[in-house]
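A.B. asks: Please see the structure below; I have some questions.
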Amino acid sequence: MTDQPTTVAGVLQHRALVTELPGPRSRALMERKTAAVASGVGTTMPVFAAKAGGGVVVDVDGNHLIDLGSGIAVTTVGNSAPRVVEAVQAQVAAFTHTCFMVTPYDGYVAVAEALNRLTPGDHDKRTALFNSGAEAVENAVKIARVATGKDAVVVFDHAYHGRTNLTMAMTAKNMPYKHGFGPFAPEVYRAPLSYPFRDDKTVGGQAAAARALDLVEKQVGAENLAAMVIEPIQGEGGFIEPAPGFLPALAAWCRENGVVFVADEVQTGFARTGDLFACHHEGVVPDLIVTAKGIAGGLPLAAVTGRADLMDAVHAGGLGGTYGGNPLACAAALAALETIEADGLVDRARQVERLMKDRLHRLAADDARIGEVRGRGAMIAVELVEPGTTTPDAALTKEVAAAAHRAGVIVLTCGTHGNVLRFLPPLTITDDLLHEALDVLADVLGATR
């Protein structure tokens, strides 16, 4: 740690615990939350935020927490990023809402133009804006069905696509996302993913794609399939990065068979993985790409961007929503995109990857419970297993995360088996904060042996 930590948005970039966690004010607020908020709305940590800036969240008791979650990959450009704050303040003083479908405004158009330019492929594109990742995924399916005249949708093992009825059907994990909420939307089929840690070592990307496509052809049929939807690196499912060649093979099959290939980049987009979009890594050009989370520096916004012929297949009025492309969120998105470019955050994501993987691989070399370190950019995960096996250890994962939380480091868990620690630091986080957070993780892992 440096002697004089920097300040971002008035927040010192250091870890400091002035009370136990949770502190007395957070405990009092949790009592109010329990009495007022539906119990189905859970929280990862029982501490309440008072302010945040850069890579630090300050709670109501004055504790400074290192943020390795970014609000689940949302504050990629850092919390309270200066350009985002300035842009939103200017917009809120002008107007807060008119509904783009009633009296449009240029911010929406400018965001669409930017996404058309920045997303993979140099073909003619169109964009529609929405509120959330799930809403955008659902609209991508709507677009694909209208454009192809077909109904079926293929998704993959361990997938997470949202909490609406259709996207719950597309999501793999039962608890807590699907349990008790059915019946779900029909015509959704699931194919096996490439999962290098758990696949037979002879199953590379091409072989894994052939396995998945054989199932699709036999159980669904290309003539019935409107869309294939996949996360280039899975998020909630465990930060699973398919073997090289898997995504290109799927995309090629879709092109050959008139199936719309949809990349769900809700969690991977906007420099998170060390490329502006994760599809860039293997040169995959999706027909439709779904974005949200990191798009607007913390404000709710999502988008579907894709081939003009597909996007324009829907009749006028068939896409939209009252708040979709809200002017405040559009202003924030333009500022977030400017920040990514001006501050070199794609390169910064790669620096974060090198720093984190170097330390995590060293930890793994001395700890057989770390089955795999994986991910790209500032989207890194550790899969915890019973020593010397691939058997998931969800109890250890929960214990490690809880201990890190008590020590003032925000970490998240994920994975179908609940045994993956995931790290999503903002790209503006300092090296000092990353080193200290990893020191905490090392201490916690050591204490659980």
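A.B. asks: So how much slack lies between Arg27 and Ala9, counting 0.36 nm per residue of separation and subtracting their Cα-Cα distance, in nm? Mind showing how you got there, number by number?
C.D. replies: Details: separation 18, 0.36 × 18 = 6.48 nm, distance 2.60 nm.
The Arg27-Ala9 span can extend by a further 3.9 nm.
A.B. asks: Can I ask one more? Which whole-number percent is the relative contact order of the chain (Cα, under 8 Å, 6+ apart)? Walk me through the intermediate numbers first.
C.D. replies: Values: 956 pairs, mean separation 96.3, N = 449.
21 percent.
A.B. asks: Run the simple label-point estimate for Asp124 and Glu386 please: 7 Å along Cα→C-beta, distance reported in nm.
C.D. replies: If labels sit at Asp124 and Glu386, their model points lie 5.9 nm apart.
A.B. asks: Here's something else I'd like to know. Which of Thr167, Thr98 comes first, and how do the rest follow, when ranked by fewest Cβ neighbours within 10 Å? Numbers along the way, then the final one.
C.D. replies: On the way: Thr167 27, Thr98 12.
Going from least to most buried by this count: Thr98, Thr167.
A.B. asks: I need the semi-axes of the equivalent ellipsoid of region 318-449: take the C-alpha gyration tensor, multiply each eigenvalue by 5, square-root it, list largest first in whole angstrom. Working shown, then result.
C.D. replies: Working: eigenvalues 208, 70, 36 Å².
Its equivalent ellipsoid spans semi-axes of 32, 19, 13 Å.
A.B. asks: Would you mind calculating the relative contact order of region 292-436 from Cα pairs under 8 angstrom and at least 6 residues apart, reporting the percent as a whole number?
C.D. replies: Relative contact order of region 292-436: 16 percent.
A.B. asks: If each residue's Cβ is checked for other Cβ atoms within 10 Å, how do Phe48, Phe156, Phe197 rank with the fewest at the top?
C.D. replies: Going from sparsest to densest Cβ surroundings: Phe197, Phe48, Phe156.
A.B. asks: Okay, moving on. Would you mind giving the three semi-axes, in whole Å and largest first, of the ellipsoid equivalent to the chain according to its Cα gyration tensor? It would help to have the intermediate numbers written out before the result.
C.D. replies: Numbers: eigenvalues 225, 158, 81 Å².
Each semi-axis is √(5λ); the values are 34, 28, 20 Å.
A.B. asks: Here's another thing I want to ask about it. Assuming R0 = 35 Å, can you tell me the calculated FRET efficiency for the pair Asp347 and Phe197, based on Cβ-Cβ distance, to the nearest 0.05? Walk me through the numbers before you get to the answer.
C.D. replies: Numbers: r = 28 Å, r/R0 = 0.79.
With a Förster radius of 35 Å, E is 0.80.
A.B. asks: Is it possible to state the helix-based mean residue ellipticity at 222 nm for the chain, with each DSSP H run of 4+ residues giving -39500 (n - 2.57), the sum divided by total residues, to the nearest 500 deg cm²/dmol? What is it?
C.D. replies: -11500 deg cm²/dmol
A.B. asks: Checking a compactness column here: for region 83-342, what do you get for Rg(Cα) / (2.2 N^0.38 Å), N being the number of residues?
C.D. replies: Details: Rg = 18.0 Å, N = 260, 2.2 N^0.38 = 18.2 Å.
Against the empirical 2.2 N^0.38 Å value, I get 0.99 for region 83-342.
A.B. asks: Hey, another quick one. Mean-square fluctuation check for the chain, GNM, Cα pairs under 10 Å: which of Pro425, Pro183, Pro248 is largest?
C.D. replies: Result for the chain, Cα springs under 10 Å: Pro183 fluctuates most.
A.B. asks: Okay, next question. Cα centroids of region 6-45 and region 288-324: how far apart, whole angstrom?
C.D. replies: Taking the Cα centre of region 288-324 as reference, the centre of region 6-45 is 33 Å away.
A.B. asks: Additional query: Tally the DSSP beta bridges in region 83-342 and give the antiparallel ones as a percent, rounded to 5. Please list the in-between numbers first.
C.D. replies: Details: 10 of 24 bridges.
In region 83-342, approximately 40 percent of DSSP beta bridges are antiparallel ones.
A.B. asks: Roughly what would the spin-label model give for His280 and Arg362, points 7 Å off Cα along C-beta, in nm?
C.D. replies: Using points 7 Å along Cα→Cβ, the separation is 3.0 nm.
A.B. asks: In 10 Å bins starting at 0, how do the alpha-carbon pair distances of region 137-284 split up by percent?
C.D. replies: Spelled out per bin, shortest first, that is 12, 43, 38, 8, 0.
A.B. asks: Would you list Lys293, Lys173, Lys398 from fewest to most Cβ contacts within 10 Å? Intermediate results must be reported in sequence, preceding the final value.
C.D. replies: Details: Lys293 27, Lys173 20, Lys398 14.
Sorted ascending by nearby Cβ count, the order is Lys398, Lys173, Lys293.
A.B. asks: Here's another thing I want to ask about it. Taking the Cα centroid of region 415-449 and of region 82-133, what is the distance between the two, rounded to the nearest whole Å?
C.D. replies: Cα centroid to Cα centroid, the span is 34 Å.
A.B. asks: Continuing with the same structure: I'd like the antiparallel share, as a percent to the nearest 5, of DSSP beta bridges with both residues in the chain.
C.D. replies: Values: 35 of 51 bridges.
Taking every DSSP beta bridge within the chain, about 70 percent pair in antiparallel fashion.
A.B. asks: Calculate the length of the line joining the C-alpha centroid of region 134-158 to that of region 354-376, in whole Å.
C.D. replies: 36
Taken together, the values in this text are just the output of simple stated rules run on the coordinates, not laboratory data. Model, not experiment: these values are computed from the prediction. We place every Cβ from the backbone using ideal geometry, glycine too, and count neighbours over all the protein chains shown.
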